[in-house]
Structures are given as C-alpha cells and as structure tokens.
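Q: Encoded as structure tokens, here's the structure I'll be asking about.
We did not get these values from a lab; they are worked out from the coordinates using the rules stated. Keep in mind it's a predicted model, so treat the numbers as computed, not measured. Here the Cβ positions follow ideal geometry from the backbone for every residue, glycine too, while neighbour counts run over all protein chains shown.
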Amino acid sequence: MNTINQIIAITLMNLRNIPSRFGASLVIIVGIAGVVTVLVALLAMAKGFEATLKGTGQPDRAIVMRSGSTSEMTSGVSASHGRIIETKPGLADSNNGALAAGELYVIADIRKRANNSEANMPMRGVQPNSFLIRDEVKIVAGRNFEFGRFEMIAGVKAADQFHGIDVGSTVSIRGADWKLVGLFESNGSIHESEVWVDHAVLVSNLKRGNGYSSMVVRLLSPLDLDVFRQSLGDDPQLEVSVVRETKYYSEQSTGITSLITQFGYGVSIIMAIGAVFGALNTMYSAVSTRSVEIATLRALGFGPTPVVISVMVEALALSIIGGLIGGLIAWTLFNGYTASTMSNSTFSQVSFSFSVTGELLLRGIVWSCMLGLIGGLFPSVAAARQPVTAALRGL
Amino acid sequence: MKYSGLIWSALYRKPIRSVLTLLSIFVAFLLFGLLQSVSFAFSQGANFSGVNRLIVSPKYSIIDSIPLNYTNQIRGIPGIEKIAHQQWFGGIFRDNRSFFPRWAVSKDYLEIYTEFMLPQDQLDAFLTTRTGAVVGRSIAEQYQLKIGDKIPIIPDIWPNKDNGPWEFDLVGIFDAKKDSVGDGIMFINYVFFEEYSLFGEGGAGNIIVQISDPDAAARIASEIDTMFANSSDETKTTSEKVYNQMFAKQMGDIGFIMTSILSAVFFTILLLTGNTMAQAVRERIPELAILKTIGFSNLSMLFIVLAESVFISLLGGLPGLGVARMMMPGLGESVSFLSGLEMTPEIFIQGVTLALLLGIIVGLPSAIRAMRLNIVDALRDS
C-alpha cells in the first residue's frame, strides 16, 4: 500500500510540473505525433485502396477469362465462346437469358486534372446485362447511355480525375466523338474510376473483332461456382478459367496494398527510432535536471520503484498525448482524402479514398505507448540508480 | 583545426545526449536520402533515358499496336540512325508473384540499348536462337537461372499456336550499365514471338528510334506523327525521357502523398533535434564566459559554437545519406517500377547543404549570444 501511495505521490508531482518543462516535453509529443501521423496516414492509404478493390467483388459474381490471364486487361474471350459460356449451369436467370455479360476492358490516354499529364483511363464496353449483374451501379447525374450510340457514362471518381469528363461534354477517343451523358456511383467500388460505353459501339471503334476481355456472370448462389467451373472445364471448346469476383479483386489489391503497407511500416519504424532518440534525450535531461529532487525523495525514504514508475508514467503520458494528436491529425487531414494511382495488374488509373479506421487509430496509440515505454525505461532506471549522496552533493 | 579539442570536449560533456542527437540527425537524413530518391524516381521516371532516343507509341493507348511496316517508312526520315521495335510479352513465370517485365524485341534492339551489356558470344546466340531469351543478372540470381535453362512462361495476352506454355532457352545473362534502368528485365526474340503467337501479326507496342542529333528530336518526332496522322493507327512520338516521365506520373498521387507527408515529418525531426542542440549550448554559457575570460575573441567564440553545431549536424547527416545511398539498390530491386533507383549526386549535395544549413541555423542564435556574451553577467548567473 505504501509503495502505491509513493508511486501516486511522485507521479502526480512529475505530471504537475510538466508545464514548467514544456519545451523539452514538446519534443516527445511532437516526435511521436509525427510517427503516428505517418503510420496512420500510410496505413489508411493502403486500407482505402484495399477497400475500394475488395468492395467491388461480390461472392455471387464471377469473372470468366482466358486460362492463364490474371486480369481483364490481358484476357480475351471470343464472342462465340461467350455464347457457349452463357449456356452453362449455375448462372442466375433474368428475362433476357442467363445473367452473363461480355465486357471489353480497354484504356485510353486522357489528361488528368491534377497534373495535366496523360494517364490511362479505363473504359469498359458493357452489355445490357452488365447493369443487371452489377446492380449497385446507380446513375447520379444526367442519364444512362443509349445502346448503339457513341455515348458514355463515367464513374464519379473518373469524372473527378480526368479532364473533360463532365456531363454534356464530348470526348474524342480513337477518332470517334463520345458524348458524356451521365455519371454513376457504385458504392465506392473500382468501377467509379471507369467510363462505361456500349460494348458493340466500342468494338466498332476499336476495329478489333467483336470479342470480349472477359465475361462477368451472376451465379444462382455463391455455392454454384463449382458447378459452373466444372462445366466450363469439361467443355473442350473453351480455354477459359473462372474466378470468383471477390477473389479476383482481392488478388488485384494485394500488390499495391502490401507495397504501401510495407513502405508505411518501413518509414514509420525509421521515424520511430528517431522519435525514441528524441524521447530518450528529453527524459534523460528531465531526470538530470531533477536529480537533486529525486535524491531528496530517496533520502526521505521513497523507494526506487516509485521513482522508476513515475518517470515511465511521465514518458508514457507525453507519448500518448503525442499519439492522440498524431491520430487526430491523420484523421482530419486524410480520412476520405481521394487519391489515385496506377493499378499494377490493369495498368489503369484507380481512384480510392483513404480510410482512417478506428483500428488504425488504435494501432497508432499502441505504437505511441511502446515508444513512450522505450523512451522512459532507460532514463527511469538511471534516475533510480543514481547514488543519493552524490546527487545531493550536486546541490 | 586548433579548436577541435574544444568541440570534442563539448560533445563528451554529455555523451548520451550527444549520441542520441547524432542518431536523430542520422535517422532524419537517412529518411531524407531515401525519400528524395523515391520522389525523384516518381516524378522523373527511372533515371534511364538516352537523349538520342525517341519512342513512337500508339496515339490513344498502350493497348493498341503500331503496324510493323511503319518502321520502313520512318527509316526514310533524315537524321535517323537506328530503329527497333518491341512488344510487351508479359505472361506468368512460376507464379503470379514472380513479376518482372518481359518484352519481345527486334534484332537491332540491343544495338540501340547498349546499356544492357551482353558478352558477344551470348549476343550472337540470342540473335541466332529462335527460342532464345536473355535476362538481367539480378533476375538470374533471384530465380537461380543459368545459361541453357528452359524458361517456361504461361501466356496471358499472347496464347501460342499450341495453346500451352511458351518455352524459351536462356542463352544470355546481361548486366546493366551503371546509371541505367537496372537489369530486372527479360527479352525474347520478336520473330519467334510473332511466328508462334496464336494471333500471328502482333504489331509493335513501341518503335524506338535512335537519332544522330538530339537537337533534331522535336523535328523528327513531329515528322513521324505527321506521317501517320489521319491513318487508322496514329502515333505519338516523344523523347524517351518524356515517355518515362509520363509513365512515372501515372503512379501519381501515391508518390506525391508519401513524399509530402514525410518531408513535413523530416523537418519536424530537424526542428526537435535543433532544439536539443541549442539547449546544449545554452547550458554551457558559463563555460563560454570562462573561455572569453581567458582571452578568446568575440569572433572565435562565434566560430567555436557554430563549428560545433555544424560538426554535429554533418557527423550525423553524412552517414545518414551514405546509408540511404547503400540501401537504394535493394529498394530498387524489391519494387519493380523503382528498379534502377539511385541517389543522384544532386540529392546528395542537397542533403549535405541541408546538413550545413541545419548546423548554421541551429548554432547561429547561440553563437551570436556567445559572441555578445558579457563576461561578468554570464559568470554571475552561474
């Protein structure tokens, strides 16, 4: 009980006179706030990218591509194979036959608003069934395009990102003038970074036969993928493979997500080392300026443990303040911040929003606690170990 | 340096603090070196551009191709020395994670890209072996490939006539010249690629033109584009540097965000370190007064204090930059689009300048104070 009382007494005394050592204490707070800001911001970037791609996939949808292809960009399925694929079992039905749509995924060089430099804008040639299969797509401005016409609709993020992607404007691609007639949302999925047009019109413009990149299908239920896959495999005419949409998009996200995550951790660790040095410095000087005070306490009968703990608590308190500030900065500046990059599997531009989740904030606070503990440990031991008489003589 | 003893003793005064300060500066400049180089790579493209090379690309997108007979027409333009073409081959080697670029290239490609250095006998083997392939040394080491090995590639864009995996014979391993793109690439023969590809005529992804006079680049580029304007396959010709920059810019915001967050933080670390360093000088005011008492002039006081902070700053900063520089190749290898990443001399000089500035800015207020120090007041305060 006595020890606890001592701990409380010394700790409170330390914390109360932090304001008088404000300048030095700021070093810990700012240093750790910096680490936490960077860590949370970079992880939020990775998280946002991952969420955009993973949010696109639905377990009851699947993508049929040429065997060997890992992305729509490198795949090709002929229209005649498409007609065979539609007849396979396991697919959901609608009024106009099985819920399958051949889509052509291409890119076009369009200038970005941000840097006026040309970037790969993804264009998806879709069929009427595409809208039934991807029923999360909602027109939010203007109207849908009419099949058979050189009209296009753009995802809201594509419109934000590229020059001239505005409702009512005309976009000139490969010698054809496309009228942009509407904008759509799709629950924040990757399709919002795309421009959609009629598949038939797109192939006529591309002059490359009437094939597809891939077919997207809606399964009767998520459990029907195996039936569908089996029947595709059994058909000797087909050289295709099918992948569940959730898996397709989560595989596409792994490369960049892990790159950003690794980069984030790498840089944060280096910075954390720097911040710990700063914290150690501060705590050592806090301890050394108080050496007489600590020695006096020891002479009065306070044990070494309360001294150690009080210094640790001080370091910890300062770092948690730093961690909270860092988390707050990351959240205010970056939550919902929209950025774009080039996907490494389709080479096309993907827009995504940073997502600063509670879990990431918590991770930031945990980091700040660890840094505070490390920063406080050695100085606190040094404080408790210094010989009382020598310290008092320093008076 | 007759004052070096004084500076050392100032550092030894509180060794723990000095070491910690040095390490913080070290870390800050390590970060600076890494991030400036990465940011440079993002904004400029890998440091890999022959001033005398033009890249002809399809006008509307990288997914289109250029008809091969364009090379013959382009050859007629005066000022062109060599011409080659390449097509993205892609495919999957071993598994999806073993990614490195694979290009089908024409015979004269390696004559233009002399930065890929291949022993003559291996070059001859590549040019004469239909199924030949060459890879960079880093790829050969990473996947333990040696000359004579078969390299199977599962096609993605380009199925072959047998609808199976492509198989290549490794006939050469090249090194990339220093200061070039890095060697994480594989080349195969365009002729074999075209013969065995299911679609036959693959066209070219790019035509590469080597010109004799870099100053004529703009004229030749516009002549090429005019030649094919209004055809069904229009072209877009740029210098290789611009081409690489456009590609790098597509990585876009990620590079920008990373570097801007981190440079803000870099300056925060410096600010904090500067604070500690200034504090170290303040504590020594009485000692400085004693130095003055025993006859040090005002100017030498200014010099001693400044020299001390500049010294600490360089002592921490230079190794930081050095370690960052040593980490570059590893970083470049682990991230495919950063291959060939390196710290340019400009970045190194920026870093050194920054270290000097840090030393001066942090030291100057204390140095001026030391210079103006009134001996009597200073001694009385102690």
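Q: Which one of A:Ile294, A:Val267, A:Val240 has its Cα pushed farthest toward the positive end of the charge dipole of the range A:224-295, where Lys and Arg give +1 and Asp and Glu give -1 at the Cβ?
A: Of the options given, the answer is A:Ile294.
Q: List, largest first, the extents of the alpha carbons of chain B along their principal axes, each in whole Å.
A: Projected onto its principal axes, the Cα set of chain B covers 94, 46, 36 Å.
Q: Going toward the positive end of the dipole of the range A:1-146, with +1 on Lys and Arg Cβ and -1 on Asp and Glu Cβ, which of A:Phe131, A:Gly82, A:Ser71 do you reach last?
A: Value: A:Ser71.
Q: How far is the Cα center of the range A:168-200 from the Cα center of the range A:266-311, in Å?
A: 61 Å
Q: Set the Förster distance to 30 Å, then compute FRET efficiency between A:Ile320 and A:Ala390 from the Cβ-Cβ distance, nearest 0.05.
A: That pair, A:Ile320 with A:Ala390, gives E of 0.35.
Q: What nm distance separates the two modelled labels at A:Asp234 and B:Asp175, each placed 7 Å from Cα along Cα→Cβ?
A: 5.9 nm
Q: Still on this structure: Normalise the Debye intensity by I(0) for the range A:74-216, one equal point scatterer per Cα, no solvent, then take log10 at q = 0.12, 0.20 Å⁻¹ and round to two decimals.
A: -0.47, -1.25
Q: Between rounded, prolate and oblate, where does the range A:134-175 land on the alpha carbon gyration tensor, with a ≥ b ≥ c its root eigenvalues, rounded for a/c under 1.5, else prolate if a/b exceeds b/c?
A: oblate
Q: Taking N as the number of residues in the range B:90-153, what value does Rg over Cα atoms divided by 2.2 N^0.38 Å take?
A: 1.14
Q: Hey, could you pull the Cα Rg and Dmax for the range A:7-93, both in Å?
A: Computed over the Cα atoms of the range A:7-93, radius of gyration and Dmax are 28.6, 83 Å.
Q: Please report how far the C-alpha centroid of the range A:316-355 lies from that of the range B:204-249, rounded to the nearest whole angstrom.
A: 38 Å
Q: How many percent of Cα pairs in the range B:152-227 exceed 19 Å?
A: 59 percent
Q: Just from its helices, what would the mean residue ellipticity at 222 nm be for chain A, if runs of 4 or more DSSP H residues each count -39500 (n - 2.57) and the sum is divided by every residue, rounded to the nearest 500 deg cm²/dmol?
A: It comes out at -17500 deg cm²/dmol, rounded to the nearest 500.
Q: So, one more: Considering only A:Gly68, A:Gly326, A:Gly264, give the residue with the highest GNM mean-square fluctuation for chain A, with springs between Cα atoms whenever their separation is below 10 Å.
A: Comparing A:Gly68, A:Gly326, A:Gly264 in the GNM, the peak value goes to A:Gly68.
Q: Mind putting together the pair-distance distribution for the protein assembly as shown? All Cα pairs, 20 Å bins, whole percent per bin, short to long.
A: 14, 38, 29, 16, 3, 0
Q: Now a separate question. Give me the three principal axis extents of the range B:59-128 from the C-alpha atoms, as integers in angstrom, largest value leading.
A: 45, 38, 21
Q: To continue, here is another question. Starting from the Kirkwood radius over alpha-carbon pairs of chain A, derive D by Stokes-Einstein at 10 °C in a medium of 1.306 mPa s and give it in µm² s⁻¹.
A: The calculation lands on 64 µm²/s.
Q: Taking the beta-carbon count within 10 Å as an exposure proxy, list B:Met117, A:Met73 from fewest neighbours to most.
A: Listed from fewest to most nearby Cβ atoms, that is B:Met117, A:Met73.
Q: Need the C-alpha centroid separation for the range A:71-107 versus the range B:305-321, integer Å.
A: If we compute the Cα centre of each part, the gap is 65 Å.
Q: Between B:Ser212 and A:Ala176, what is the spin-label point distance in nm, taking each point 7 Å from the Cα along the Cα→C-beta axis?
A: That separation, rounded to one decimal, is 4.4 nm.
Q: Here's another thing I want to ask about it. As a test of the formula, what do you get for chain B when each DSSP H run with n ≥ 4 contributes -39,500 (n - 2.57) and the sum is divided by the residue count, at 222 nm and rounded to the nearest 500 deg cm²/dmol?
A: That comes out to -17500 deg cm²/dmol.
Q: Can you divide the C-alpha Rg of the range A:204-350 by 2.2 N^0.38 Å and report the result to two decimal places?
A: Computed over Cα atoms of the range A:204-350, the ratio equals 2.01.
Q: Let me ask something else about it. Using a simple spin-label model with points 7 Å from Cα along the Cα→Cβ vector, what separation in nm is obtained for B:Tyr143 and B:Ser263?
A: Calculated label separation equals 3.8 nm.
Q: Let me spell out the model: positive unit charges on the Cβ of Lys and Arg, negative unit charges on the Cβ of Asp and Glu, origin at the Cα centre of the range A:74-212. What dipole size does that give, in debye rounded to 20?
A: The dipole of the range A:74-212 has a size of about 320 debye.
Q: Here's another thing I want to ask about it. Stick to the Cα atoms of the range B:1-40, pair each with every other, and give me the Kirkwood hydrodynamic radius in Å at one decimal.
A: 11.9 Å
Q: Once fully extended, how much extra length lies between B:Ile77 and B:Ile361, figured as 0.36 nm per residue of separation less the alpha-carbon to alpha-carbon distance?
A: So the extension gain works out to 96.5 nm.
Q: Suppose every Lys and Arg Cβ carries +1 and every Asp and Glu Cβ carries -1, with no other charges. What dipole size does the range A:141-293 come out with about its Cα centre, to the nearest 20 debye?
A: 300 debye
Q: Quick check on the range B:116-254: what does the Kirkwood estimate of hydrodynamic radius come out to from the alpha carbon pairs, in Å?
A: Answer for the range B:116-254: a Kirkwood hydrodynamic radius of 17.7 Å.
Q: Counting Lys +1, Arg +1, Asp -1, Glu -1, what net charge surrounds A:Leu392 among other residues with beta carbon under 11 Å of its beta carbon?
A: +1
Q: How much FRET efficiency would the formula 1/(1 + (r/R0)^6) give for A:His163 and A:Val227, where r is the Cβ-Cβ distance and R0 is 45 Å, rounded to 0.05?
A: My answer for the efficiency is 0.45.
Q: Using a 7 Å offset from Cα along Cα-Cβ at B:Asn163, what residues in the range A:70-97 end up with backbone N under 18 Å from the label point?
A: From the range A:70-97, the list is A:70, A:75-88.
Q: Quick one: putting +1 on the C-beta of Lys and Arg, -1 on the C-beta of Asp and Glu, what dipole do you get for the protein assembly as shown around its Cα centre, in Debye to the nearest 20?
A: Using Cβ point charges on Lys, Arg, Asp and Glu, the protein assembly as shown gives about 3380 debye.
Q: Suppose R0 equals 41 Å. What FRET efficiency, 1/(1 + (r/R0)^6) with r the Cβ-Cβ distance, do A:Ala299 and A:Tyr265 give to the nearest 0.05?
A: According to the calculation, E is roughly 0.35.
Q: Cα-Cα pairs above 15 Å in the range A:165-225: how many percent?
A: Pairs farther apart than 15 Å: 66 percent.
Q: Out of A:Ala275, A:Ala62, A:Ala92, any idea which swings most in a Gaussian network model of chain A, alpha carbons joined below 10 Å?
A: A:Ala92
Q: Would you mind listing how long the range A:265-395 runs along its three principal axes, going by Cα atoms, in whole Å with the largest first?
A: For the range A:265-395, the Cα extents along the three principal axes come out at 71, 22, 19 Å.
Q: Please work out the ratio of the alpha-carbon Rg of the range A:195-260 to 2.2 N^0.38 Å and round it to two decimals.
A: With N residues counted in the range A:195-260, Rg over 2.2 N^0.38 Å equals 1.46.
Q: If you average 1/r over every pair of different alpha-carbon atoms in the range A:330-376 and take one over that average, what Kirkwood value in Å do you get?
A: Mean inverse Cα-Cα distance, inverted, gives 12.9 Å.
Q: Have a look at B:Ile360, B:Ile294, B:Ile62 and tell me which one the Gaussian network model of chain B (Cα, springs below 10 Å) gives the largest fluctuation.
A: Comparing B:Ile360, B:Ile294, B:Ile62 in the GNM, the peak value goes to B:Ile294.
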